[in-house]
Amino acid sequence: MRIVVLAGGIGGARFLRGLRSTLAEETNNPGSGIITVIGNTGDDITLFGLRICPDLDTVMYTLGGGINEEQGWGRSDETFTVREELAAYGMRPQWFGLGDRDVATHIVRTQMMAAGYPLSAVTEALCDRWRPGVRLLPMTDDRVETHVVVDDEEGRRAIHFQEWWVRHRAAIPAREIVSVGAADAKPAPGVLEAIAEADVVLLPPSNPVVSVGSILGVPGIRDAVAAKTVVGVSPIIGGAPVRGMADACLSAIGVASTAGAVAGHYGADLLDGWLVDDADAGTEVAGIAVRSRPLYMTGPEATAAIARAALDLAVELKERRA
Ligand code: GDP
Ligand code: CA
């Protein structure tokens, strides 16, 4: 069974850990070569000269055993001496949580990219250390950055997604969310091939706008995915995101923060099946098979059960299609 997963950060990484464990139980094989992850790079940012890929790193650290579990992002046993020293020099910005261990990852990435390696090759090299048990591909090697159009005291302007999300906690209304560079981007090597060869494609409960939406916005990816049997897991439970501020992204694109509205936004041309939480049982979306079950990723077993349910629904729908 070949599975492709389109992943953002925390929601994607935790789901993937569940998927890897449910597959390992069944095949006695850690899942390598079975799961290909297409990671969001729209959140990427250059700070202090360092190229930072928060979502790729969250997936890599989570699956590689190096994540800060409570926080869901960043390294375990982290210290912040570099950040303090930069602040002592008056360096800006100071709102980004750049840890010392994490900095090493960004130095390796930046150095390799300066030497001419594409992000996909850099990601593969970083994964040699972390051994995530999946094949992790960035959605593109081209520079695509999510920017958010806001109105503030400086007037209407576009700021980097990270500034809106981390610095402003998404509290300034987003007028528009723009994927800068997406129109001219190409899928990274291996992305379209992995999708074409996949038996099923799963959408974890990642942010539908700035995580999964960015990936689908790279020309060619959405059409390739839509040709497959696709099952998604709702990141919205009972009308609100489980953690984070995904509702602020949904309202910027005029989509209600409900499990049904998110499935409708993905569309029946893309999605075959949709898992909603029991709190949203009874949700109906035209052309999409909706099932309800507990969707809180509270621990390894609950998360593995969610991944198993998504995979089972995908296999069932694929057989029905055949
Ligand atoms: P980010 O890039 O770190 O923001 O992470 P993702 O885009 O991968 O995932 C963020 C989404 O995960 C948020 O919209 C949350 O609603 C969703 N999420 C987080 N934890 C859970 C959970 O336990 N269950 C479900 N269903 N969704 C979750
Ligand atoms: Ca992200």
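The numbers here are math on the coordinates, done by the rules we state, and not lab data. Remember, predicted model here, so these are calculated numbers, not experimental data. Positions of Cβ are backbone-derived with ideal geometry, glycine not excepted, and every protein chain shown enters the neighbour counts.
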For region 225-322, divide the Cα radius of gyration by the Kirkwood radius and give the resulting Rg/Rh value with two decimals.
0.96
Sum up the charges of everything whose Cβ sits under 11 Å from the Cβ of Pro189, counting Lys and Arg as +1 and Asp and Glu as -1, but leave Pro189 out.
-2
For Ala170, what residues show an amide H to amide H distance below 5 Å, using hydrogens built from the backbone and excluding near sequence neighbours?
Trp165
Would you kindly state how much longer the chain becomes between Leu50 and Arg175 on full extension, computed as 0.36 nm times their sequence separation minus their alpha carbon distance, in nm to one decimal?
42.1 nm
Please build a GNM for the chain, connecting alpha carbons under 10 Å apart, and tell me which residue among Gly116, Gly66, Gly260 fluctuates the most.
Gly116
Given a Förster radius of 22 Å and the C-beta distance between Glu316 and Ala196 as r, what FRET efficiency does 1/(1 + (r/R0)^6) yield to the nearest 0.05?
0.50
Can you list the HN-Hα couplings for region 15-21, worked out from phi with the Karplus curve (6.51, -1.76, 1.60; θ = phi - 60°), rounded to whole Hz and with x for Gly and Pro?
4, 4, 5, x, 5, 4, 6
Output ³J(HN,Hα) for region 79-84: one whole-Hz value per residue in order, computed from phi by the Karplus curve 6.51 cos²θ - 1.76 cosθ + 1.60 with θ = phi - 60°, and x for Gly and Pro.
10, 10, 4, 4, 4, 5
At 7 Å along the Cα-to-beta-carbon direction for both Glu154 and Arg129, put a label point, then send me their distance in nm to one decimal.
3.3 nm
Give the calculated FRET efficiency between Glu25 and Arg143 to the nearest 0.05, with a Förster radius of 35 Å applied to their Cβ-Cβ distance.
0.35
Placed amide H near Ser292: partners under 5 Å, 5+ positions off or other chain
Val276
Check which residues have an amide H placed less than 5 Å from Ser76's amide H, if you skip close sequence neighbours.
Ile67, Asn68
Within the under-12-Å Cβ sphere about Val225, not counting Val225, Lys/Arg +1 and Asp/Glu -1 give a net charge of -1
Per residue of region 171-178, what does 6.51 cos²θ - 1.76 cosθ + 1.60 with θ = phi - 60° give for ³J(HN,Hα)? Whole Hz please, x for Gly and Pro, Karplus curve as stated.
7, 8, x, 8, 7, 7, 10, 10
Within-15-Å neighbourhood charge of Glu316 [Cβ basis; K, R +1; D, E -1]
+3
